[in-house]
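Below is one structure, written out as structure tokens; the observations come after it.
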Amino acid sequence: MKLFLVRHGQSQWNLENRFTGWKDVDLTEKGVEEAKKAGKLMQSQDFDLAFTSDLKRAQRTLEIILKETGHEDIPVTKDQALNERDYGDLTGLNKDDARKKFGEEQVHIWRRSYKTPPPGGESLEQTTNRIVPYFETVIEPYLGNKNVLLVAHGNTLRALIMYLENLTPEEIRKREVPHAEPVIYSF
């Protein structure tokens with residue numbers, strides 16, 4: 001059985017270079033096109049069920065992929081456990097402005113360190129502690145006999161990839177999850 005991981009397409013705040021976190025912003029036209037491309041890439045795949053976050057950029061990406069692959073009728077579960085990492089006080093700030101205000105090194109630590117959260121937000125470790133138990137109890141049991149599509153967010157998927165590939169905090173710091181490019185795991 002297979003697990004398909006897909007990061008949502010470009011959102012309006014991705015385009016504007018803003019920290020998005022739990023803010024519920026929609027896809028750009030480019031994001032819609034990226035989702036369609038991901039769907040076309042996966043047209044030959046078979047999904048039995050799908051999971052996504054409570055945020056519309058992931059939900060819309062999933063809807064587009066399901067339409068492109070002809071799987072609009074499969075069960076879909078939406079859960080905030082799959083939401084993007086909470087950027088707290090950085091939410092809405094332009095990343096370049098944040099670097100000017102707090103310093104390049106500090107913003108890099110907040111964005112990429114495993115343990116250090118931004119002010120009022122979640123670290124990647126906290127995001128991992130939210131998503132991995134959800135994955136283990138809700139999603140993983142299906143992987144014995146079902147193909148699962150999971151559309152979520154960059155940091156949520158980085159946390160899950162860290163768990164699935166048994167990566168260290170240093171290894172996951174360097175890992176990028178591009179918009180709407182499927183990552184596939186066989187179980």
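Listed by first and then second residue, the pairs with beta-carbon distance under 6 Å, at least 6 apart or on different chains, first residue in segment 79-98 and within 10 Å of P117 (Cα to Cα), second among the hydrophobic types (A, V, I, L, M, F, W, C) and buried (at least 16 other Cβ atoms within 10 Å of the Cβ), are D86/W22; Y87/F19. When you scan segment 134-141, do you find a residue that is under 17 Å from L5 (Cβ atoms), part of a helix (DSSP H, G or I) and among the β-branched types (V, I, T), even just one? Within segment 134-141, one or more residues are under 17 Å from L5 (Cβ atoms), part of a helix (DSSP H, G or I) and among the β-branched types (V, I, T).
Residues in segment 23-59 that are in a strand (DSSP E or B) and buried (at least 19 other Cβ atoms within 10 Å of the Cβ): L27, A50, F51, T52. All of (1) of a type in the set (G, A, S); (2) buried (at least 17 other Cβ atoms within 10 Å of the Cβ); (3) over 26 Å from T28 (Cα atoms) hold for S113 with one exception: (2). Of note, R130 satisfies the criterion of being of a type in the set (K, R), modelled with pLDDT of 95 or more and crowded, with 16+ Cβ neighbours inside 10 Å. Residue by residue through segment 60-87, note down the ones that are part of a helix (DSSP H, G or I) and either surrounded by fewer than 19 Cβ atoms within 10 Å (Cβ to Cβ) or among the aliphatic types (A, V, I, L, M) (or both). Matches in segment 60-87: L62, E63, I64, I65, L66, K67, E68, Q80, A81, L82.
The test for being at pLDDT 95 or above and either charged (D, E, K, R) or touching a helix residue (DSSP H, G or I) at 6+ places or on another chain (Cβ under 8 Å) (or both) does not hold for Q80.
Considering only segment 142-187, state which residues are in contact with a Phe, Trp or Tyr (Cβ under 7 Å, 6 or more places away or on another chain), in a strand (DSSP E or B) and either among the charged types (D, E, K, R) or buried (at least 17 other Cβ atoms within 10 Å of the Cβ) (or both). Of everything in segment 142-187, those that are in contact with a Phe, Trp or Tyr (Cβ under 7 Å, 6 or more places away or on another chain), in a strand (DSSP E or B) and either among the charged types (D, E, K, R) or buried (at least 17 other Cβ atoms within 10 Å of the Cβ) (or both) turn out to be V148, L149, L150. Taking residues in segment 23-48 that are more than 29 Å from Y87 (Cβ to Cβ) and of a type in the set (K, R), and partners anywhere that are at pLDDT 95 or above and in a helix (DSSP H, G or I), the pairs with Cβ atoms closer than 9 Å and at least 6 places apart or on different chains are K40/E68; K40/T69. Among the numbered conditions (1) within 18 Å of the chain's Cα centre (by Cα); (2) farther than 20 Å from N14 by Cα; (3) free of Cβ contacts under 8 Å to residues at least 60 places away in the same chain; (4) surrounded by fewer than 16 Cβ atoms within 10 Å (Cβ to Cβ), the only one that V138 does not meet is (3).
The values are calculated or read from the model by the stated rules, or taken from the named source; none is laboratory data. Nothing here was measured: the structure is a model prediction, and the numbers come from that model. For neighbour counting, all protein chains shown are included, and Cβ atoms are generated from backbone atoms with ideal geometry for every residue, glycine included.
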